[in-house]
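> Please see the structure below; I have some questions.
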Amino acid sequence: AGVDMCLWKRAGASHVATGKFFNLRRFTPGRWEEAVPGGQVVPYWTEFGLFTWLRELDVRLLDRDGKLDRATAAGNPYSMEILDLLARDEKNDKWIGLSWRQYLFEFARREVTYSKNPGQVHADLVQADERWTSLQAAELLLYDRENDGTWIRPWLNAATLWQKGW
């Protein structure tokens, strides 16, 4: 699982992990070390407030417009290191390792939260839907064309149906 782990937790999974797909794709030496010339590993920001991943340009765009979830970021030491690097305009390859740690920290934090209160998934999806709507209203288009939040409504419907016992 990735950010979609919320659906597993809402469906009653007692424990979740990042999964084989994520580990095969993301758990590489490049995730923990600085980039080497010619490497293919790119940094990303895990934004559970939108249930998505963001590239550097999108992090900068949302942060500049006050749309990045700084409250959650403040509780994640790796998020703060990444934002500090970006504020100093250091090259994004310096936060490749930090991005993986930031993701794992957020994943673990959500896993604990959703284990204690599976209903929080519904509330978080509602909030994510509102945030995506806010981005659209502000005419903020993320650089990755497919990163538009279209998955949130189906996820929200799934969580709602589960909550109703269907």
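> Quick check: from the Cα gyration tensor, does region 104-146 come out rounded (a/c under 1.5), prolate or oblate?
On the way: a/c = 4.16, a/b = 1.88, b/c = 2.21.
Cα axes put region 104-146 in the oblate bin.
> Using the structure shown, select from LYS67/LYS116; LYS9/LYS164; LYS116/LYS164 the pairs with a Cα to Cα distance greater than 21 angstrom.
Correct reply: LYS67/LYS116.
> Accessible area per residue for region 88-130 in Å², computed with a 1.4 Å probe and the full protein assembly in place, what is it?
With the other protein chains kept in place, region 88-130 gives 48 Å² per residue.
> Once you put a point 7 Å from the Cα of GLU146 and another 7 Å from the Cα of THR160, both along the Cβ direction, what distance in nm separates them?
Using points 7 Å along Cα→Cβ, the separation is 2.6 nm.
> What's the Cα-based Rg to Rh of region 67-166, Rh via Kirkwood? Don't skip to the answer; put the middle values down first.
Numbers: Rg = 15.8 Å, Rh = 15.6 Å.
In region 67-166, Rg relative to Rh is 1.02.
> If I take R0 = 25 Å and measure r between the Cβ atoms of ARG70 and GLN136 in this structure, what FRET efficiency does the formula 1/(1 + (r/R0)^6) give, to the nearest 0.05?
Working: r = 20 Å, r/R0 = 0.82.
Efficiency computed from Cβ-Cβ geometry: 0.75.
The values are calculated or read from the model by the stated rules, or taken from the named source; none is laboratory data. Please read these numbers as outputs of a predicted model, since none were measured by experiment. Cβ sites come from the backbone with ideal geometry, for glycine too, and all protein chains shown count toward neighbours. Note: areas computed on protein heavy atoms with side chains; ligands, DNA, RNA excluded. Shrake-Rupley method; radii C 1.70, N 1.55, O 1.52, S 1.80 Å.
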